[in-house]
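K.L.:
A single structure is presented below for examination.
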Amino acid sequence: MVFAFSRRLIFQSLRSKARVLFSDKNLLLTNTAVTLSLSATGDILQQRYEITQRRQTHWDGDRTRNILCASVAVCPAVHYWYLYLDHFLPGRSLHIILKKVFVDQMIMSPMCILSFLGITGYLEGLSAKKISDDLQTKGVALFKAEWIVWPPAQIFQFAFLPTKYRVLYDNCVCLCVDCYYYFVKYSRGWKGNSDHEDLSANMTCAHETVRRRNDKRLYITHAFFL
């Protein structure tokens with residue numbers, strides 16, 4: 001009986017705090033804190049996996065910092081985006097839900113991908129051409145993956161969840177999706193990343209070295225016989 005009473009008090013306390021955190025006054029701050037926490041968690045988990053796969057030797061704090069900067073930039077846009085969607089497309093009919101999903105995928109999804117690759121690339125000191133190339137390769141791969149994950153997830157969200165919980169739900173789904181984002185962006189296990197780039201560069205360098213050595217030998221041989 002005492003245990004049940006204590007559990008009830010804990011539940012009431014948590015519910016009271018949740019009301020404060022998800023109130024209109026604090027919602028943007030709460031959404032930002034949730035976004036930063038789960039973005040960092042996703043990157044740390046992905047880096048840990050890369051370390052266990054021996055594709056990475058240690059945790060890269062600069063990478064996590066860059067991801068958090070991108071998350072800070074995107075979070076307010078996502079926060080107000082859901083408010084906008086529910087205001088201009090009110091209701092929970094199937095027609096409205098599908099329209100919201102389509103609009104979300106065609107506008108917000110590319111914006112998030114562009115912001116992620118653009119901001120992290122800029123902070124890493126990448127050239128404009130390299131960032132543009134990443135958008136055309138990695139960006140397209142991420143956009144295709146989002147069409148697999150987000151439509152069913154968003155159908156559930158738009159059908160059942162209140163507006164104030166949308167970013168929280170969005171970030172819970174993103175904990176898995178972001179791991180794929182970071183894999184595509186950073187991992188040597190992804191086909192477009194450094195393993196293949198390094199291999200190509202090394203092969204080119206090796207071929208050039210062999211060519212120069214052969215040219216030098218031919219020159220020496222020619223000079224000797226003359």
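Only the coordinates and a few stated rules stand behind these numbers; no lab work does. Since the structure is predicted, the reported quantities are computational estimates derived from the model, not experimental observations. Note that we place each Cβ from the backbone using ideal geometry, even for glycine, and neighbour counts take in every protein chain shown.
K.L.:
What ratio of Cα Rg to 2.2 N^0.38 Å holds for segment 38-151?
P.N.:
Scaled against compact globular proteins, the figure is 1.24.
K.L.:
Write out the chymotrypsin sites (Phe, Trp or Tyr not before Pro) in segment 83-137 meeting two conditions: DSSP loop, and at most 16 other Cβ atoms within 10 Å of their Cβ.
P.N.:
In loop regions of segment 83-137 (DSSP not H, G, I, E or B), there are no sparsely surrounded chymotrypsin sites (Phe, Trp or Tyr not before Pro).
K.L.:
From the cross-link list 100/138; 25/99; 17/99; 25/100; 25/130; 129/164, which pairs have alpha carbons spaced over 31 Å apart?
P.N.:
Violating the 31 Å Cα-Cα cut-off are 17/99; 25/130; 129/164.
K.L.:
Could you tell me the relative contact order of segment 10-105? Use alpha-carbon pairs under 8 Å, at least six residues apart, and round to a whole percent.
P.N.:
24 percent
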